[in-house]
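First comes the structure, then the notes that go with it.
A short reminder: the numbers here are calculations on the coordinates, not readings from a lab. Everything numeric in this text was worked out from a predicted model, so none of it was measured. Counting neighbours? That spans all protein chains shown, and the Cβs are built from the backbone with ideal geometry, glycine included.
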Amino acid sequence: MGGPYREPHVGGRRLEPDPAARRKVRLAGLTTAALGVGIGATAPLLGPLAAAFGGGLALLGLALFREAPASPMKAPCPTCGATIAELDPSTDAVRCPACGEYARVTSGVLLEVPHDFVARDPLFVIPLERAVLELPAICAECGAPGARHLVRVAVSVRGTALDADAPAEIVDIPHCRDHGDGAAPDIGAVRVRSRALSLEAEISA
Ligand SMILES: [Zn+2]
Ligand SMILES: [Zn+2]
């Protein structure tokens, strides 16, 4: 007499398609395009500027429509079990909106992020209020200890990254002697490739 069949434990949470995410982006694109075409159609009454504006909106709408992620996925967070939706399967790691923990995206499953994990791009967040203090001597790019080489990064305090006038704060991000490119500015935060650095920064805060 056998028990109920159980899937073999694969050590991760399997990704499933998330069709809702793609629909949402495509719908936004279609709405924008329709609005653009509508304005364009009334242009004879409004003048050539309105026609140009309408045409631009229509193009933007089409671009949005095409930008819908090819195959957004969803899966339960390996830490808390909440669903992480609209995730891009080609990314390295995602942050769970429920518990704030990161999950690694790899070969169709979500896994807990090992402490020594290094992402392909700077994606682990260190909030600005923490980054302005002295950070642990861990290389932002490779996670090596004893990293004493400081790389300056200008972080927008608020506003958008595109806003050149937004006030910025300069922060020093530790790197080893071989590296200097493991950090990127975000709004009110720095992102680093090394999970160890972001984790140790949280702990030592
Ligand atoms: Zn979670
Ligand atoms: Zn390094």
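Structure values in brief
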{"quantity": "Distant-in-sequence amide H partners of Ala93 (H built 1.01 Å from N, under 5 Å)", "calculated": "Val105"}
{"quantity": "Potential extension, Ala34-Asp178 segment - 0.36 nm per residue separation minus Cα distance", "calculated": "46.6 nm"}
{"quantity": "Segments 72-78, 117-123, 13-19 sorted - mean Cβ within 10 Å per residue, highest first", "calculated": "72-78, 117-123, 13-19"}
{"quantity": "FRET E, pair Glu169, Glu112, Förster distance 35 Å, beta-carbon r, rounded to 0.05", "calculated": "0.65"}
{"quantity": "Other-chain or far-sequence residues with amide H under 5 Å of Ile84's (modelled H)", "calculated": "Ala75, Cys77"}
{"quantity": "Amide H contacts under 5 Å for Ala147, placed H, 5+ residues apart", "calculated": "Ile138, Cys139"}
{"quantity": "Chain lengthening between Arg23 and Arg148 when straightened (0.36 nm per residue, less Cα-Cα)", "calculated": "40.3 nm"}
{"quantity": "Low-density loop positions, GluC sites (Glu not before Pro), the range 71-120 - DSSP coil, at most 16 other Cβ in 10 Å", "calculated": "Glu101"}
